[in-house]
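What follows is a short report on a single structure.
The values are calculated or read from the model by the stated rules, or taken from the named source; none is laboratory data. Only a predicted model underlies this, so the values are computations on that prediction, with no experimental measurement involved. Note that we place each Cβ from the backbone using ideal geometry, even for glycine, and neighbour counts take in every protein chain shown.
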Amino acid sequence: MTVRVGNAAQAPEFLESSKEQLANSQMRRNVRHATDVIRTKRNRVVAEMPDWEALRESARQLKEHTLLHLDIYLAQFEKACTQAGGKVHWAKDADEANGIIRGIIESHGEKEVIKIKTITSDETLLNPALEAAGIIPYETDLADLIVQLGNDKPSHIVVPALHRNKTEIRQLFIEKMKLENLGDKPEDLTDAARRYLREKFLRVKIGIGGANFAVAETGSVCIVESEGNGRMCLTLPQVFISLCGIEKVIPKFSDLEVFLQLLPRSATGERMNPYNSIWTGVTAQDGPQEFHVVLLDNGRSHILADEKDRQTLQCIRCGACLNVCPVYRQTGGHAYGSVYSGPIGAIITPQLQSMQHSQSLPYASSLCGACYEACPVKINIPEVLIQLRNKVVENGDSPLVERVSMKAASMALSSGSRLNLAQKVAQVAQSPFVHDGKIQKLPGFLGGWTDSRNMRSIPKESFRQWWAKRKQENA
Amino acid sequence: MVGEAKAGKRLSASRENIFSAVRRNLGNRNPNFAADYERISRDYEVAGKLSPEERLHLLEERLQDYGTGVYRCSPEQVTATISQVLAVRGVQSVLLPKDFSGSFLPPKAIEMIYDDNLSYAEIDRCSGVLTTCTVAIALTGTIILRHSADEGRRALTLIPDYHLCIVQAEQVVETVPEAIRRMEEFKTAPITTISGPSATSDIEMTRIKGVHGPRTLDVILVVS
């Protein structure tokens, strides 16, 4: 069995990659701007809802309940979906899922597929697997298209191209779509995407997507989206394939009344996203006449064992925790080395890989608790982070963050000249964070110290510097 | 064939593998999951609080918020309103579901194309589509289609660039739970919820109107 979460097992440790990302000031500006916009919108539409806390609590209990009886609900889903004309497949890991999907495509002799945004397929590395088999996957979500055309990596769960601004996207479209005239209004960019993809929507015979919710009672799949690319992919092709993590199942159709309120307000700050599609198996003379669901484990069943860790699987992938996270807002998504970034990525990525890889991610947090507060299904992310840190230590796998910081401290303290240097670096490095002689908000993992307390700034002159100067003056 | 059988065996082995891993990791549980489900707390609001007129007004406001054109008229005025709206939008020909039964058929001045098994390419050449809906949600500015005879198959309200939807006042509810409960009897039909025209938030997190679905959505709200 080979559990894989994108290329996370090969990614550099968080501390290393975050340093690299912190140096990219354009990316940081883009991430800061985009997360500011979405936070403002989200706060506004959440404040409109007097029963928001009651909805969160119901969603939490619903997810907790479903996970506790996951075997029963999966069996229900399989039965109902099959009765409605769908075909259910089971994949224990990424390779198996990719193999099943490839097999379906090849059985139709097709060489192209159109895709709805699905992070689960990024998790299994489906695109490279299809390409290796000579099949071209076309991403049709605007952000995924931007990532694919730019040979880039997704940096956000909901808005994978969040690290790119309008100007960069326009340049990319001109180059890759070979456009001579392209305006610089956002509408010009969406219009270019519309024209680029329309022909593919009408022609390509197989569509692939994920599932936001899989309804056990009816065997239905629900896809939540904005652009209409989802509707195109799940309506026009002859065959549609849903790649769905086993944790996406919900008990009943009526439970959508909870999730369809929480998800759009949390994800994009909208009262409702433009389109939701819910369908059940195959409908005569409407949409694909062949429908497959690939239910993927890939390390999920393992996370069920511990009650606290299990919360991780409640996630509905809204991205709200990313937008409020002081660490994510500094480093962007790429530093996490995983298709799942931000606070939720920091707990889901190492757990899917049985804590064998990405062990530094549980340290990529200041434990400030903003993620817990924003989470629409009330995942206590800080609680899970602490538990995972304990596991890392128990495994005897003292993570890079600790190793590096302890090493740095011991290096600094063991030599006078190095201590001098470290103090000088600290004096300069602290300057953006000092207000009235106090440090109120430190970046990155240092932020944990300053979220609930201020720190006295490091004096402009260290004792050694003062002593040396005094000696010079007296000389 | 032998290869296929082998592959089939391996895959059903994966099914067993997943189920046994799930059961092993979850351990002992209350076998009465249905009773567990009933205990889930549901303290959120279900029933709306607005008067019928306030509810309709909220729907209009929320539809407009997302850039949907809204026209209110009486049952007698529907036909005239359709031709007025289509003229404003410059739509010359409208697509109709094959078995469209609306008594308010569009005026003769406008070309009507019935969806008689049209190919997607043929639908793509039509400039607009006219349908009804099943439910509308005031709070979120949403219309819900279950793709009945008057709402057409899903491709119909997806490919053309313009969608005109007739909403009856009695189809309008205030909250999402009210809408989902009304949809309960149609829960295995294909369902599409539409909140404003196609849009994206992918560029700098700002909602931009118009990507792949209809870029213009108009609603005629029929109130007796």
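Tabulated results
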{"item": "Residues within the stretch B:112-134 that are among the aliphatic types (A, V, I, L, M) and closer than 17 Å to B:His147 by Cβ, tallied", "result": "4"}
{"item": "Helices (runs of 4 or more DSSP H) contained entirely in the stretch A:147-259, each with at least 3 residues that are at the interface with chain B (Cβ under 8 Å from one of its Cβ atoms) and surrounded by fewer than 24 Cβ atoms within 10 Å (Cβ to Cβ)", "result": "A:186-203"}
{"item": "Test for B:Glu204: is it surrounded by fewer than 23 Cβ atoms within 10 Å (Cβ to Cβ) and more than 7 Å from chain A (Cβ to nearest Cβ)", "result": "no"}
{"item": "Which numbered condition A:Glu139 misses (of (1) of a type in the set (Asp, Glu); (2) more than 12 Å from chain B (Cβ to nearest Cβ); (3) under 24 Å from A:Ala320 (Cα atoms))", "result": "(2)"}
{"item": "Only one of A:Leu367, A:Leu388, A:Leu419 that is in a helix (DSSP H, G or I) and at pLDDT 85 or above", "result": "A:Leu388"}
{"item": "Among (1) surrounded by 12 or more Cβ atoms within 10 Å (Cβ to Cβ); (2) modelled with pLDDT under 95 - the single one B:Ala5 does not satisfy", "result": "(1)"}
{"item": "Members of the stretch B:197-212 found to be within 14 Å of A:Val224 (Cα to Cα) and not in a strand (DSSP E or B), listed by number", "result": "B:Ser198, B:Ser201"}
{"item": "Pair list, Cβ < 6 Å and 6+ apart or interchain, from the stretch B:136-164 residues that are surrounded by 22 or more Cβ atoms within 10 Å (Cβ to Cβ) and part of a loop (DSSP other than H, G, I, E, B) to residues that are at pLDDT 95 or above and of a type in the set (Lys, Arg)", "result": "B:Ala138/B:Arg55; B:Thr140/A:Arg271; B:Gly141/B:Arg62; B:His147/B:Arg153; B:His147/B:Arg154; B:Leu158/A:Arg231"}
{"item": "Count - residues of the stretch B:146-205 that are within 25 Å of A:Leu262 (Cβ to Cβ) and modelled with pLDDT of 95 or more", "result": "26"}
{"item": "Residue within the stretch B:63-70 that is within 12 Å of chain A (Cβ to nearest Cβ) and among the hydroxyl-bearing types (Ser, Thr, Tyr) present", "result": "yes"}
{"item": "Qualifying residue in the stretch B:172-188 (condition: over 30 Å from A:Pro251 (Cβ atoms) and not in a loop (DSSP other than H, G, I, E, B))", "result": "no"}
{"item": "The stretch A:291-332 - residue that is in a loop (DSSP other than H, G, I, E, B) and aliphatic (A, V, I, L, M) and, of those, surrounded by the fewest Cβ atoms within 10 Å (Cβ to Cβ)", "result": "A:Ala305"}
{"item": "Neighbours by Cβ (under 8 Å, 6+ apart or cross-chain): first from the stretch A:1-24, under 15 Å from A:Gln353 (Cβ atoms); second at pLDDT below 85 and surrounded by fewer than 20 Cβ atoms within 10 Å (Cβ to Cβ)", "result": "A:Ala11/A:Ser17; A:Glu13/A:Leu400; A:Phe14/A:Leu400"}
{"item": "Filter result (under 14 Å from the mean Cα position of the chain (by Cα) and part of a loop (DSSP other than H, G, I, E, B)) within the stretch B:102-135", "result": "B:Cys133, B:Thr134"}
{"item": "Those residues of the stretch B:166-180 which are out of contact with any Cys (no Cβ under 7 Å at 6 or more places or on another chain) and more than 7 Å from every other protein chain (Cβ to nearest Cβ), in sequence order", "result": "B:Ile166, B:Gln168, B:Ala169, B:Glu170, B:Val172, B:Val173, B:Glu174, B:Thr175, B:Glu178, B:Ala179"}
{"item": "Among residues of the stretch B:9-38, those that are more than 8 Å from chain A (Cβ to nearest Cβ), modelled with pLDDT of 95 or more and over 28 Å from A:His89 (Cβ atoms), counted", "result": "2"}
{"item": "Total residues in the stretch A:271-290, condition more than 27 Å from the chain's Cα centre (by Cα), outside any loop (DSSP other than H, G, I, E, B) and crowded, with 21+ Cβ neighbours inside 10 Å", "result": "1"}
{"item": "Residue count for the stretch A:84-109, restricted to those that are more than 9 Å from chain B (Cβ to nearest Cβ) and within 20 Å of A:Gln238 (Cα to Cα)", "result": "12"}
{"item": "Flag if B:His163 is of a type outside the set (A, V, I, L, M, F, W, C), more than 9 Å from every other protein chain (Cβ to nearest Cβ) and under 24 Å from A:Ser220 (Cβ atoms)", "result": "yes"}
